Amino acid sequence: MSEENEEPVVFDCAPGTGSYIVVFDPLDGSSNIDVNMTVGTIFSILRRPDGLENDPASAALQPGYKQVAAGYVVYGSSTIFVYTAGRGVYGFTLDPGIGAYILTYDDMKMPQHGQYYSVNEANAEAFPPMYREYLARLRRGALGREYSSRYAGSLVADFHRTLLKGGVFLYPPTKDHPTGKLRLMYEANPLAF
């Protein structure tokens, strides 16, 4: 299932014969393409449950804890593929000289503390008061250290920096998007896994 398609796409086999379902956001941060900024792909892999052979959409609607693998690809100054199957997170960088991905981040772990927070502060006036206060506390060091803002407008880019350097990523609700704007299956579940 793609965030870009209304209906699931079944290929290379009858709907009931596949073992896995792939859910993905094929081009996260697409509004950044025309200015040559970082974009990416986010994906989640789930086992196809029995009994829903003729209903691929229902088969894909599973809770995040049922993911068997997830990851993302960052397309920027280098191409990096980050992946987990539930036993550690590993990053691979594309070496264009040999046309293969090389393990460059072995058993990635986000640092306990970072120095950056990532949020679209252009919308700060529309954030609920508790979010505005939290951001103010981050900036003034009320949480033990001062944080600086870094926001690329591409979830993959912002999340990748947060994973490597530590810190905070948030996408608070606004009046126009009262439940937030991140999509559970295409973005939140895979990155949380």
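The values are calculated or read from the model by the stated rules, or taken from the named source; none is laboratory data. Computed from a predicted model, the values in this text were never measured in an experiment. Methodologically, a virtual Cβ is constructed for each residue, glycine included, from the backbone with ideal geometry; neighbour enumeration extends over all protein chains shown. Just so you know, the surface numbers come from the protein's heavy atoms only, side chains and all, with ligands and any DNA or RNA stripped out. Shrake-Rupley method; radii C 1.70, N 1.55, O 1.52, S 1.80 Å.
Just the Cα atoms of segment 54-131, one point each, no solvent: what log10 I(q)/I(0) does Debye give at q = 0.22 Å⁻¹? Here the Debye-derived log intensity ratios amount to -1.03. With label points built 7 Å along Cα→Cβ from the Cα atoms of T179 and Y151, find their separation and express it in nm. If labels sit at T179 and Y151, their model points lie 2.3 nm apart. Indicate the gyration tensor shape class of segment 94-171 (rounded, prolate or oblate), computed on the Cα atoms with a ≥ b ≥ c the square roots of the eigenvalues: a/c under 1.5 is rounded; otherwise a/b larger than b/c is prolate and the rest oblate. Note, shape of segment 94-171 comes out prolate.
The modelled label-to-label distance for the pair K109/A57, using points 7 Å beyond Cα in the direction of Cβ, is 4.3 nm. Judged by the mean number of other Cβ atoms found within 10 Å, the most tightly packed of the peptides 121-129, 67-75, 166-174 leads the ranking 67-75, 166-174, 121-129.
Karplus-derived 3J(HN,Hα) values for segment 116-122, using 6.51 cos²θ - 1.76 cosθ + 1.60 with θ = phi - 60°, are 10, 10, 10, 7, 7, 6, 4 Hz; glycine and proline are entered as x. Maximal additional length on extending the N5-R139 stretch stands at 44.3 nm, based on 0.36 nm per residue less the C-alpha distance. Over the chain, Cα pairs under 8 Å with separation of 6+ residues give a relative contact order of 22 percent. For the chain, the Kirkwood hydrodynamic radius comes to 18.3 Å, computed from all pairs of different C-alpha atoms.
Couplings 3J(HN,Hα) of segment 71-80, computed from phi: x, 7, 10, 9, 9, x, 5, 9, 9, 10 Hz, in residue order, whole Hz [Karplus 6.51 cos²θ - 1.76 cosθ + 1.60, θ = phi - 60°; x for Gly and Pro]. Based on Cα atoms of segment 1-105, Rg over Rh with Rh as the Kirkwood radius reads 1.02.
Where the accessible area of the chain is counted over protein heavy atoms with a 1.4 Å probe, how much of it, in %, is carbon and sulfur?
Working: 5970 of 11360 Å².
Here it works out to 53 percent.
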